[in-house]
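Read through the structure below, which is laid out as structure tokens, and then see the notes.
The values are calculated or read from the model by the stated rules, or taken from the named source; none is laboratory data. Nothing here was measured: the structure is a model prediction, and the numbers come from that model. Cβ: placed from backbone, ideal geometry, glycine included. Neighbour counts: every protein chain shown. To get the accessible areas, we keep the full protein, side chains included, count just its heavy atoms, and leave off ligands, DNA and RNA. Shrake-Rupley method; radii C 1.70, N 1.55, O 1.52, S 1.80 Å.
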Amino acid sequence: MKLMEGWFSPSITLLTSLEVLDLGGLAGLSGRIPTSIGLLKNLRKLYLYGNKLRGSVPESIGKLLKLEELHLHENRLSGFLPPTLGCLKNLNALLLHSNRFTGSIPASFSNLTNLMHLDLHANSITGHIPQNIGDLQLLKEIDLSDNLLNGEIPASVNNLTSISVMYLDANHLEGEIPFPSNYGQMPLLGFLRLQNNQLGGKIPPNLGYLVSLQRVSLENNKLEGAIPSSLGNLEALTELYLNGNKLSGVIPKSIGQLSHLILLTLSHNSIQGPLPNEMSALQNLQTLDLSFNSLTLNSIPRWVAKLPSLSRIYLAGCGIKGQIPDMLKSTPSPIQELDLSANDLTGGIPAWMGSLTQLYSLNLSRNHLSSSIPASVADFQELGVLDLHSNNITASMEHVFKIGTSFPGGSLTYVDLSDNSFTSGIQQISVGTLERVVYLNLSHNLQEGKLPTSMEKLKALQSLDLSYNKFGFGLVEALANLSHLETLKLQRNQFTGRIPAEFLNLKNLKDLDLSDNLLVGEIPAGRPLSDFPQSCFTGNTGLCGKPLSPCKS
């Protein structure tokens, strides 16, 4: 089946009786919207989405007074939105998202009183949200996200009595959240996204009036003060994102009333402890993220491990002390993601950890863990992310390289064992388990010996950091077979001999450091090696050639 290709011909505007024009989804259709588009006086529906149309939207489009639906999304259209769009008073759907529009939203849009669906997301639209946006009484869905809008959210949004979806995220909006001002306003609002703006002030207690809310994201703003207890009135709420603000105070007990809550993330705030026991009533909670607050928990509350649906636990930087608690080995719902990083954990990684067979992500970095890695970690079946950096784990890392050996292909994609005291293990790299690894960091350890040639089988590897160890012998040519490699850091080791000429095959390399080794001879001439500065090669007294000093003949 061939794609329909070609240019959008202006001659189509001769079909003046046309009521529906549907060329949507024709990825090979290019050209411009004809300036004479206004001649199609009888047009009710115009579908030109998912093409390669470019240029501006003609002003004559405002003459299509019978138009009910206008879908121009997912093209390469640019320029300002013509104010004449405000003349289309019968329009109920205006979809212009995923283009390259600039300029502001025309004030004339407030004339579109029959509009139910407005989507302008993923453009470069600037200016303010029109002050009279609240005139669109029938509007059900509005998406202005991922633009360059600034200024405050107009108070007139309180008049949007039919609104159910409001996405204003990823802009530069500021000021306070102005809605709802009274009980009963916006009674159908179910999905609210205001994240990634510069909104300030407090979370308005009146937000508790929006009883239809199901998902709320206020993350990554400048909100401050306490979380209002009125949020406990949002009985339909399933997801609440408040992370990345300046919130303080304690978590209100009323949060325990959110019986449908599936996800709660409050990370990166200044919230204080203790955690209210009422949270133990969150029977449907699957994801809990309290990381990097001022909680100073000392220990993980027992009710956390008893929540029947909880499978993703993020308690990084919460002041947890002592050993990793045994209660995590027998949670009602199998743990899939566990982040206890940046705490004060001591002791070793417990042998029972390997019994968490559904664990996908494990982050125990930046603690005070010691001892060696237990052999039981090889029992992990689904592990994709393992981060143990910045501890004092000793002996061999070989058991990490055996993870998933019973499950061909492996799941590991990200491994960071840096800043520990490992002395061996890299020679036991098992190709079958690491063939999907994209990131491997073993730096700042005590590893010795020669790099295994089996590393050439790590075909997916994009970043390899073995710096600050005691590796010796020559650089294995096998590394040159890692064609996807973008970062290669081997500095501060004891590598000897020449840089293999095969390293010129690493065409995707963007970050290289071979400094402070015992390398000799001429640096192989050509890219990518010639693209790197001297600092990438210094500290090898026998090395010469570009970008270092020329070799002596």
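Quick rundown of the values:
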quantity	calculated
Accessible area of residue 379 in the full protein assembly, 1.4 Å probe (Å², nearest 10)	90
Electrostatic dipole magnitude of the chain [Cβ: Lys, Arg +1; Asp, Glu -1; Cα centre; debye, to 20]	720
35, 394, ranked by accessible area, largest first (probe 1.4 Å)	35, 394
Spin-label pair residue 494/residue 100, simplified geometry with 7 Å Cα→Cβ offset, distance in nm	5.7
Assigned charges on the beta-carbon of Lys, Arg, Asp, Glu; the range 1-156 dipole about Cα centre (debye)	520
Label zone at residue 352, where the point sits 7 Å out along the Cα-to-Cβ direction: the range 327-344 residues whose backbone N lies under 11 Å	327-331
Spatially proximal lysines relative to residue 402 (Cα-Cα < 18 Å; intrachain offsets below 8 disregarded)	457, 459
Under-5 Å amide H pairs with residue 55, H placed in peptide plane, nonlocal only	78
Nearest-10 value in Å² for the accessible area of residue 495, using the 1.4 Å probe	0
Entry for P(r) over Cα pairs in 10 Å bins from 0, in percent (calculated from the structure that is shown) out of (1) 3, 17, 26, 25, 17, 9, 3, 0; (2) 3, 15, 18, 17, 19, 17, 9, 2, 0; (3) 4, 16, 23, 20, 14, 9, 6, 4, 2, 1, 0	(2)
Extension gain (nm, one decimal) between residue 525 and residue 42, 0.36 nm per residue minus Cα-Cα	167.1 nm
In Hz, Karplus ³J(HN,Hα) per residue of the range 162-178 (6.51, -1.76, 1.60; θ = phi - 60°; x = Gly, Pro)	9, 5, 10, 10, 9, 10, 10, 6, 6, 10, 10, 5, 9, x, 8, 6, x
Anisotropy class of the range 248-347 from Cα gyration tensor, a/c 1.5 cut	oblate
Sites residue 124 and residue 260, calculated FRET efficiency, Cβ-Cβ separation with R0 35 Å, nearest 0.05	0.40
Accessible-area composition of the chain, carbon plus sulfur, in percent [1.4 Å probe]	49
Phi to ³J(HN,Hα) by Karplus 6.51 cos²θ - 1.76 cosθ + 1.60 over the range 501-518, Hz, x for Gly, Pro	4, 5, 4, 5, 7, 7, 5, 8, 5, 10, 9, 9, 9, 10, 5, 6, 10, 10
Cα-centre dipole for the range 74-146 with unit charges at Cβ (Lys and Arg positive, Asp and Glu negative), debye to 20	200
Positive-end residue of 124, 85, 114, charge dipole of the range 71-160 with Cβ unit charges	85
Heavy-atom accessible area order for 473, 8, largest first, 1.4 Å probe	473, 8
Shape category assigned to the range 1-71 from the gyration tensor of Cα positions, a/c cut at 1.5	prolate
Whole-angstrom gap from the range 329-394 to the range 76-126, using each part's C-alpha centre	50
Karplus (6.51, -1.76, 1.60) ³J(HN,Hα), θ = phi - 60°, over the range 212-227, in Hz, Gly and Pro reported as x	8, 4, 10, 10, 10, 10, 10, 5, 6, 10, 10, 5, 9, x, 7, 6
MRE, 222 nm, helices only [DSSP H, n ≥ 4, -39500 (n - 2.57), over the chain, to nearest 500]	0 deg cm²/dmol
Cut-off under 5 Å, modelled amide H: who pairs with residue 152 long-range	174
Nonlocal amide H pairs with residue 203, under 5 Å, H built at 1.01 Å	224
Accessible area in square angstrom per residue, the chain, 1.4 angstrom probe	42
Residue (of 20, 270, 189) at the positive-pole extreme of the chain, dipole from beta-carbon charges	20
Dipole of the range 473-553, positive end: most advanced residue of 529, 553, 517 [Cβ charges, Cα centre]	553
Under 26 Å from residue 202, Cα to Cα: lysines that are on another chain or at least 8 residues apart	222, 246, 253
Accessible area of residue 22 in the full protein assembly, 1.4 Å probe (Å², nearest 10)	90
Formal net charge of residues neighbouring residue 314 (Cβ-Cβ distance under 12 Å; K, R +1; D, E -1)	-2
Anisotropy class of the range 427-543 from Cα gyration tensor, a/c 1.5 cut	oblate
Any cysteine of the chain lacking a neighbouring Cys Cβ under 4.7 Å - listed by number	87, 318, 536
